[in-house]
Amino acid sequence: MKALITVATKHGSTLELGRAMAEVLRQRGIETTLLPPERVGSLDAYDVVVLGSGIYSNKMLPTMTAFGYRWGDQLTARLVYIFCSGPLDAAPAALANLPHDVRLLARQIGARSTKLLAGCMEPGQLRPTERALMRMSGARPGDYRDWESALGWARQIAADALEHAV
Ligand SMILES: Cc1cc2nc3c(=O)[nH]c(=O)nc-3n(C[C@H](O)[C@H](O)[C@H](O)COP(=O)(O)O)c2cc1C
């Protein structure tokens, strides 16, 4: 079985989550490739596709939106899963609602599971405009990523994919 994990990221923290998930899939015997969405040239080789994106202004990054439009038809024919990382807050209430566009894409492509994970933003990485936006929103920078939650979700999708492979 072959999987593609494709991650849209601005500052790299969602990609690190994707890398850790790829290791989980590999440990389960699933041959896994990690590529940015804009570098995917074909889905032919893959039975499983995991989409990941950082969240900005309550939306996926544009490269992931474009990926969804470009490959939508082919994604519906595969085992597909979507995660995003955003909230700079680990409280369950902050992680309860996926952004609207992610929910829409998940429905359109028949994603088997979705996951909203807490994000990471180190102040030193921010551009001045981003820093100003963060100050206005009241968000507190820091690394809120819950690795156990991310790895647990990856274990679930590996089990689901192996069970439902055609
Ligand atoms: C300018 C800016 C806007 C953001 N907007 C949101 C948002 O609307 N919703 C959210 O959950 N997280 C938001 N975040 C937090 C990011 O989604 C989080 O830091 C994420 O982990 C970044 O992923 P990346 O490192 O892969 O780019 C924002 C961060 C910045 C810097």
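Overview of results
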item: Filter result for the condition that a residue is closer than 22 Å to A150 by Cα and either modelled with pLDDT under 95 or in contact with a Lys or Arg (Cβ under 7 Å, 6 or more places away or on another chain) (or both), over T6, T32, T14; result: T32
item: Flag for M136 being surrounded by fewer than 12 Cβ atoms within 10 Å (Cβ to Cβ) and over 30 Å from K2 (Cα atoms); result: yes
item: Flag if N58 is without any contact (Cβ under 8 Å) to a residue 40 or more places away in the chain, polar (S, T, N, Q) and surrounded by fewer than 23 Cβ atoms within 10 Å (Cβ to Cβ); result: no
item: Residue within segment 105-128 that is surrounded by 15 or more Cβ atoms within 10 Å (Cβ to Cβ) and at pLDDT below 95 present; result: yes
item: Sole residue being in contact (Cβ under 8 Å) with a residue 12 or more places away in the chain and not in a helix (DSSP H, G or I), chosen from L116, L151, L162; result: L116
item: Residues located in segment 3-50, provided they are among the basic types (K, R) and surrounded by 15 or more Cβ atoms within 10 Å (Cβ to Cβ); result: K10, R28
item: Condition met for A90 (surrounded by 13 or more Cβ atoms within 10 Å (Cβ to Cβ), among the aliphatic types (A, V, I, L, M), in contact (Cβ under 8 Å) with a residue 60 or more places away in the chain and under 21 Å from L15 (Cα atoms)); result: no
item: Wholly within segment 1-113, strands (runs of 3 or more DSSP E) carrying at least 2 residues that are touching a strand residue (DSSP E or B) at 6+ places or on another chain (Cβ under 6 Å) and within 12 Å of the ligand (Cβ to nearest atom); result: 2-8, 48-56, 79-85
item: Set R26, R78, R70, R39: member being in contact (Cβ under 8 Å) with a residue 12 or more places away in the chain, at negative phi and of a type in the set (K, R); result: R78
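The values are calculated or read from the model by the stated rules, or taken from the named source; none is laboratory data. Keep in mind that what you see is a predicted model, and the values were worked out from it rather than measured. Glycine gets a Cβ as well: all are built from the backbone with ideal geometry, and neighbour counts include every protein chain shown.
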